[in-house]
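K.L.:
Before anything else, here's the structure in question.
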Amino acid sequence: MTTHVVDYGLGNLMSVAQGLEAVGSHPVVTSQPEEILKADRLILPGVGAFGVAMESLASSGIASALKDSARAGVPILEICLGMQLLFDASSEFGHTAGLGLIPGEVAPIIVSPKAGELRSTHIGWRTLDWNLQSNPLVSESVNPSDSFYFVHSFAATPSRGPNVWASVGYGGHRVTAFVGSGNIWGSQFHPEKSGATGLKILKAFVDA
């Protein structure tokens, strides 16, 4: 089955494409809104700054296509920065409106890091605390001992608790790790960089 990977200049396209091939889906990389609107399922990866990403999505017409696809019930998985773009806004380098597909906002994990304390960037392999009532297709695909790879300094805070499908502890902070709302999924960690455990997430998405 075909999965379209959205190219807007800020994503790990090759790693995502290889992951999809590994779970039996044919990846098609596209930057064309008209192709996005015809897709059976979509993945929006992302690495970089929120504002730059939203400018690229808006100017290319991809933002509108993603919103239309979401409203039409097309399965969408957004990864790392992509997950953050799902929300209403981010405070990264000033206030920037997001796609608004899940209510909530994005802010720094640690506002003013101090010497000898936690780094402002959350990086490394972590096990997750899953909300087993969220999406059984996802939560039943993984084991409690499975770990996933994170690298990010900003994190989303959904306005609605049921949208949090998994979270992770970072020092004394509770960080949103996976979100969802019906056909819309968002992963703060990188499934395409998380080895066999990450492939479980991609497989669950492809089978959704």
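K.L.:
Quick one: net charge of THR96's neighbours, Cβ under 11 Å, K/R +1, D/E -1?
P.N.:
-4
K.L.:
Under a crude label model (7 Å from the Cα following the beta-carbon direction), how far is VAL28 from SER153 in nanometres?
P.N.:
So the label points at VAL28 and SER153 sit 3.8 nm apart.
K.L.:
Nearest 5 percent is fine: what portion of the DSSP beta bridges confined to the chain is antiparallel?
P.N.:
Numbers: 25 of 41 bridges.
Antiparallel bridges make up about 60 percent of those DSSP assigns within the chain.
K.L.:
Here is a follow-up. Quick one: which of 30-41, 183-194, 47-58 comes out on top by average Cβ neighbours within 10 Å, and what's the full order, highest first? Can you show the working numbers first?
P.N.:
Numbers: 30-41: 16.1, 183-194: 24.5, 47-58: 18.0.
Sorting 30-41, 183-194, 47-58 by mean packing, highest first, produces 183-194, 47-58, 30-41.
K.L.:
What shape does region 100-173 have by the C-alpha gyration tensor, where a ≥ b ≥ c are the square roots of the eigenvalues, rounded means a/c under 1.5, and otherwise prolate means a/b greater than b/c and oblate the rest? Intermediate results must be reported in sequence, preceding the final value.
P.N.:
Working: a/c = 2.68, a/b = 1.38, b/c = 1.94.
In terms of gyration-tensor shape, oblate.
K.L.:
Express in whole angstrom the spacing between the alpha-carbon centres of region 32-54 and region 1-30.
P.N.:
When both Cα centres are located, 11 Å separates them.
K.L.:
Test of understanding: what is the full-extension gain from GLU21 to LEU137, defined as 0.36 nm times their sequence separation minus their Cα-Cα distance? Write down the numbers at each step before the final one.
P.N.:
Details: separation 116, 0.36 × 116 = 41.76 nm, distance 1.98 nm.
Extending this stretch completely gives an extra 39.8 nm.
K.L.:
Is region 1-134 rounded, prolate or oblate when judged by the Cα gyration tensor, a ≥ b ≥ c being the square roots of its eigenvalues, rounded requiring a/c under 1.5 and prolate requiring a/b larger than b/c? Mind dumping the intermediate values first?
P.N.:
Details: a/c = 1.83, a/b = 1.42, b/c = 1.29.
It comes out prolate by the Cα gyration axes.
K.L.:
Simple spin-label model, 7 Å along Cα-to-Cβ: ALA97 to ALA58 in nm?
P.N.:
Each label point is offset 7 Å from its Cα along the Cβ direction, giving 0.7 nm.
No value in this document is a laboratory result; all are computed from the given coordinates. As the structure is a prediction and not an experimental result, all values here were calculated from the model. All Cβ positions, even for glycine, are placed from backbone atoms using ideal geometry, and neighbour counts span all protein chains on display.
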